[in-house]
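See below for the structure under consideration.
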Amino acid sequence: QVQLVESGGGLVQPGGSLRLSCAASGSIFRIYAMGWYRQAPGKQRELVASITSGGLTNYADSVKGRFTISRDNAKSTVYLQMNGLKPEDTAVYYCNVFPSPVVSWGQGTQVTVSS
């Protein structure tokens, strides 16, 4: 069974940067497209960015130009580099399979953008 463990969140000031990591157990990781999702308080979970097994990326309009998704198949890890953070980026961030998040959700990592 694939497990996902997110890390790298924290408290950062507006304009700051964070790099999130998601480590996946299981050798099937490399064949899946992966996505970073986030859920803010009182809101539905939304897709932030996705990356195919071959490295093609796509982003939500709200983060385009500020966030970069990447993956290292040898390490079964997907990353999210977040620059120019805004208060509205505050949320719990999760990774999962894209487009259908069929793996059990991990615990996520909290990102708080505040001065």
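Assorted remarks:
- The stretch 89-108: number of residues that are hydroxyl-bearing (Ser, Thr, Tyr) and exposed (fewer than 13 other Cβ atoms within 10 Å of the Cβ): 2
- Each residue in the stretch 31-88 was checked for being crowded, with 18+ Cβ neighbours inside 10 Å, closer than 24 Å to Thr112 by Cβ and of a type in the set (A, V, I, L, M), and 9 pass.
- Scan of the stretch 74-88 for residues that are farther than 13 Å from Trp36 by Cα and touching a residue at least 12 places away in the same chain (Cβ under 8 Å), ordered by number: Lys75, Ser76, Asn83, Gly84, Leu85, Lys86, Pro87, Glu88
- Odd one out for Ser53 among (1) part of a strand (DSSP E or B); (2) in contact with a helix residue (DSSP H, G or I) (Cβ under 7 Å, 6 or more places away or on another chain): (1)
We did not get these values from a lab; they are worked out from the coordinates using the rules stated. Just so we're clear, the structure is a prediction, and the values are computed from it rather than from any experiment. As a convention, Cβ positions derive from the backbone with ideal geometry for all residues, glycine included, and neighbour counts pool all protein chains shown.
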